[in-house]
Amino acid sequence: MAASFLGIEIGGTKLQLVLGDESARILERRRLTVRPDEGGAGIRQQIERTLPELLAPVRPGAIGVGFGGPVDWQTGMICCSHQVEGWSEFALGEWLKNLSGLPVFIDNDANVAALGEARHGAGVGFNPVFYVTLGSGVGGGLVVNGRIYHGAKPGEAEIGHVLLDRAGTIVESRCSGWAVDRKIRELKARDSSSLLSKLVGEKIGGEARFLAEALRQNDAAAMQILSETATDLAFGLSHVIQLMHPEVIVLGGGLALLGEPLRSAVAHALPPFVMEAFHPGPVIRLTALGEDAVPTGALALARELHVRRA
């Protein structure tokens, strides 16, 4: 019988549990909405209720987890979550092992997504691969020779916390989904007649989802927001290029749903920030796995752990 593995994505807004095969192909999925007000305890209750459904018909070889925050990947101890309370210093690896009776491998979700893209997505054929996720926050992961690069614990590749100036402005404060939401709200306050403002209307929260349609209609305000966001991201990524020189940078997360306009804007903004010897710079690609980047990477992690222990 072919080996199977379990992958788990624990984020600030969603929880995914997937069953997959040796090639990290997802065979079965459970997706649940996270309620931040219930904290880490609420997410753990969701896992406790859902896990038996996936474990009942098969016994996977191992569990891989992508967690939304800094984690000690060697022990499975969570440092903290920046979005959901109740995770600080929680021994997630030990808890899951006791719950399932299976070996568990835990890493930061952006690292895990980077592994998924490097082995099964937009990074296939490139080395090194850098992945940046543009969602509620901004995270990054580096894969070298097919393996996640790990620095000193509890984290690494934290592109979202790279400084854009000496005043303390970080990439996340300019390029996350919430940052774009804020820019659009500021636009509405000063120019309610723009197409983007009209598309948003009276809605509050999640304004960035209207940006794609405004760009399709060549709205000047939308193009300005895209340009500002892409330029700030390119400046942050230039530090990655100078230090790590990846062959490809993969753009993922919710903002990557903007598609080619975002990819081309980042690619266009990047060269002036990169030393001439590195021109033309890395290939800029959109995620190939989308929302499956973390679950796919988690399955790859689980298989890696299983092979090592065999």
- Message: How long are the semi-axes of the equivalent ellipsoid of the chain, taking √(5λ) for every eigenvalue λ of the Cα gyration tensor, in whole Å from largest down?
- Response: 33, 23, 17
- Item | Enclosed volume per residue, in Å³, of the convex hull spanned by Cα atoms of segment 71-158 | 106 Å³
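Excluding same-chain pairs closer than 8 in sequence, count the lysine pairs in segment 122-288 whose Cα atoms lie under 19 Å apart. Present the calculation step by step, with values, prior to reporting the outcome.
Numbers: K183/K198; K183/K203; K188/K198; K188/K203.
For segment 122-288, qualifying lysine pairs total 4.
How much mean residue ellipticity at 222 nm does the chain get from its helices, if each DSSP H run of length 4 or more adds -39500 (n - 2.57) and you divide by all residues, to the nearest 500 deg cm²/dmol? Kindly include the intermediate steps, with their values, before the conclusion.
Details: 10 runs with 121 residues, N = 310.
The helix contribution divided over the chain gives -12000 deg cm²/dmol.
Sorted by average packing, counted as other Cβ atoms within 10 angstrom per residue and highest first, what order do 10-17, 64-71, 162-169 take? Intermediate results must be reported in sequence, preceding the final value.
Numbers: 10-17: 20.6, 64-71: 27.0, 162-169: 11.0.
Highest-to-lowest ranking by the protection proxy: 64-71, 10-17, 162-169.
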- Message: Please report the equivalent ellipsoid semi-axes of segment 228-310, computed as sqrt(5 x eigenvalue) of the Cα gyration tensor, largest first, in whole Å.
- Response: 29, 17, 9
- Message: Principal axis extents for segment 122-288, Cα atoms only, whole Å, descending order, please.
- Response: 49, 30, 28
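Quickly rank 76-86, 287-297 as a protection proxy: mean count of other C-beta atoms within 10 Å, highest first.
Numbers: 76-86: 18.4, 287-297: 25.0.
Output ranking for 76-86, 287-297: 287-297, 76-86.
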- For the residue pair H82 and L27, what label-to-label distance in nm results when each label sits 7 Å from Cα along the Cα-to-beta-carbon direction? 3.6 nm
- Semi-axes of the equivalent ellipsoid for segment 4-109, Cα gyration tensor, largest first, Å: 21, 15, 12
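The numbers here are math on the coordinates, done by the rules we state, and not lab data. Since we're looking at a predicted model, the values are computed, not measured. With ideal geometry, Cβ positions are generated from the backbone for all residues, glycine too; neighbour counts draw on all protein chains shown.
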